[in-house]
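Only one structure is covered here, and it is reproduced in the block below.
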Amino acid sequence: MSSSAPPHVVAPRAAIAELSASRIREVANAGMGKANVLPFWFGEPDQVTPNFIRHAAKAALDAGETFYAQNTGIPSLREALASYASRLHGTTDVNHIAVTSSGVSALMLVAQCLLNPGDRVVAVTPLWPNLIEIPKILGARVVSVPLQLNTASEPQWELDLDALLDALTPETKALLLNSPNNPTGWTITRAQQQTVLAHCRKYGIWLLADDVYERLVYDELAGPLGCAPSFLDLADRDERVVSTNSFSKSWLMTGWRLGWLQAPATLMPGLSKLIEYNTSCAPVFVQRAGVVAVIEGEDIIRQTVLRYRAARDYLCAQLSSSSFRDAGIITPRPKGAMYVFFRIEGETDTLALCKRLVTEAGLGLAPGSAFGPDGEGAIRWCFASGIDKLEQGLERLRSFLAKR
Ligand SMILES: Cc1ncc(COP(=O)(O)O)c(C=O)c1O
């Protein structure tokens, strides 16, 4: 080859090469397949999808529903979701709903629809890594506003509302907000929502609300319908507010890859084209299962909340006991979602610590640094699990810390 030949480019574009690999995966890779590892690293229930939901998918397959369908979802699922959203958040028309192939796909579609390279996106962090990386794939810049761990009385993750408003400059394109939050369980209050929405309206900032944990709320915030405060309760249907959601957490359907989004009707033609070019549609037999989940699944949500609340209370009480407190562990009690995000005083490399926990103690937890630099020093424990398993996990943590 002559020296003047152009070099072959065999690398992804720079924005992709620069994406962070998931540190949760990195820890899981160190432990997956090994005997006797207790996995609490992913945000996943330890129970299979309820039978009546699985049955609906089987029946659809048996009926030969193996073909392509409408980009934005089969009409019966969009209608079921519009009436579900109306029950929770006020009148919602089917024209504002699109079905997606997972919650994460809904987030990607919204980002593709709205973000230009160089756009400024503000995110409340620590945050599930996908939410931070997706805007970067589109070339947007993500500016973090960190939650604060207030240890003055009962430890709590808290939002510095003034810092958030300061970050939401007139040049900002979008605010990314996940409440209840993964990993901290922090849940925005109604009063904070009102202030944030008014501010976003003033500057024309898009509000992108990731609401996948809206039904997993444990305290006074839950309200009569068992739902976290949502921007959808406050916003007009056609203003700059988009909510993304998922079947994964509320109906124990992580492996099904089914989600949806609610957006102004003016975005729908664009979103519909993007769905065509990304996945074309969600599988019909999966959508049939979704219809049954939305219409008949309220009992499942109620039972799940009761089970997770007991798990949360148990795990928090144990981690707040003197044996863990003396080891420097500070445990805020999450208001929602399915994680305890506890801090270990003085810890600066939770990735290394979580790898040691897997290999030396058989305990699979997620390092705080997986959720951005503001998460370093803390560890995420998914409590969507039986108490017996949590008990074994705590025992392993206790003896690991004693030997450290
Ligand atoms: C905050 C948040 N958003 C979205 C999702 C995506 O859910 P899924 O892609 O399984 O529908 C998750 C999954 O863990 C999450 O934690």
Val242 fails exactly one of the following numbered conditions: (1) among the β-branched types (Val, Ile, Thr); (2) open to solvent by 10 Å² or more (accessible area, probe 1.4 Å); (3) within 14 Å of the ligand (Cβ to nearest atom). What is the number of that condition? (2)
Could you grab me the full set of residues in segment 177-209 that are open to solvent by 10 Å² or more (accessible area, probe 1.4 Å), under 23 Å from Pro334 (Cβ atoms) and touching a helix residue (DSSP H, G or I) at 6+ places or on another chain (Cβ under 7 Å)? Gln192, Thr195, Leu208
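Being modelled with pLDDT under 95 and within 16 Å of the ligand (Cβ to nearest atom), is that true of even one residue in segment 95-103?
Within segment 95-103, not a single residue is modelled with pLDDT under 95 and within 16 Å of the ligand (Cβ to nearest atom).
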Among the residues of segment 19-40, which ones are surrounded by fewer than 11 Cβ atoms within 10 Å (Cβ to Cβ) and in contact (Cβ under 8 Å) with a residue 12 or more places away in the chain? Asn36
Across segment 309-345, which residue is most open to solvent (accessible area, probe 1.4 Å) among those that are among the aromatic types (Phe, Trp, Tyr) and either over 22 Å from Pro126 (Cα atoms) or touching a helix residue (DSSP H, G or I) at 6+ places or on another chain (Cβ under 8 Å) (or both)? Tyr314
Among the numbered conditions (1) touching a helix residue (DSSP H, G or I) at 6+ places or on another chain (Cβ under 7 Å); (2) free of Cβ contacts under 8 Å to residues at least 40 places away in the same chain; (3) among the aliphatic types (A, V, I, L, M), tell me where Leu353 comes up short. (1)
Kindly indicate the residue of segment 366-381 that is surrounded by fewer than 24 Cβ atoms within 10 Å (Cβ to Cβ) and in contact with a strand residue (DSSP E or B) (Cβ under 7 Å, 6 or more places away or on another chain) and also modelled with the highest pLDDT among those meeting that condition. Gly377
Any idea which residue in segment 41-56 is surrounded by the most Cβ atoms within 10 Å (Cβ to Cβ), counting only those that are within 16 Å of the ligand (Cβ to nearest atom) and farther than 24 Å from Glu360 by Cα? Ile53
What are the residue pairs meeting all of these: first residue in segment 259-282, first residue among the β-branched types (Val, Ile, Thr), second residue not in a strand (DSSP E or B), Cβ atoms under 7 Å, and 6 or more apart or on different chains? Thr266/Asp238; Ile275/Asn71; Ile275/Thr72; Ile275/Leu109; Ile275/Cys281; Thr279/Ser101; Thr279/Ser105
Spot the failing condition for Leu232; the list is (1) among the hydrophobic types (A, V, I, L, M, F, W, C); (2) at pLDDT 95 or above; (3) more than 13 Å from Leu88 (Cα to Cα), and only one is missed. (3)
Kindly list, by first and then second residue, each pair from a residue in segment 98-110 that is on the phi > 0 side of the Ramachandran plot to a residue that is open to solvent by 10 Å² or more (accessible area, probe 1.4 Å) and not polar (S, T, N, Q), limited to pairs with Cβ atoms under 6 Å and residues at least 6 apart or on different chains. Ser102/Arg257
Listed residues Ala209, Ala222; which is within 13 Å of the ligand (Cβ to nearest atom), within 26 Å of Phe383 (Cα to Cα) and small (Gly, Ala, Ser)? Ala209
Failed condition for Ser250, given (1) more than 30 Å from Val48 (Cβ to Cβ); (2) within 11 Å of the ligand (Cβ to nearest atom): (1)
Index of the failed condition, Ala289 passing every other in (1) of a type in the set (A, V, I, L, M); (2) surrounded by fewer than 22 Cβ atoms within 10 Å (Cβ to Cβ); (3) assigned to a helix (DSSP H, G or I): (2)
Selection over segment 137-157 where residues are surrounded by fewer than 22 Cβ atoms within 10 Å (Cβ to Cβ) and within 16 Å of the ligand (Cβ to nearest atom) yields a count of 3
Output yes when any residue across segment 264-280 is closer than 17 Å to Pro334 by Cα and buried (at least 18 other Cβ atoms within 10 Å of the Cβ), and no when none is. no
Please find, among Leu165, Leu159, the residue that is over 20 Å from the mean Cα position of the chain (by Cα) and without any contact (Cβ under 8 Å) to a residue 60 or more places away in the chain. Leu165
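The values are calculated or read from the model by the stated rules, or taken from the named source; none is laboratory data. Because the structure is predicted, anything quoted here is derived from the model rather than measured. All Cβ positions, even for glycine, are placed from backbone atoms using ideal geometry, and neighbour counts span all protein chains on display. When the accessible area is computed, the model is the full protein with side chains, heavy atoms only, and any ligands, DNA or RNA have been set aside. Shrake-Rupley method; radii C 1.70, N 1.55, O 1.52, S 1.80 Å.
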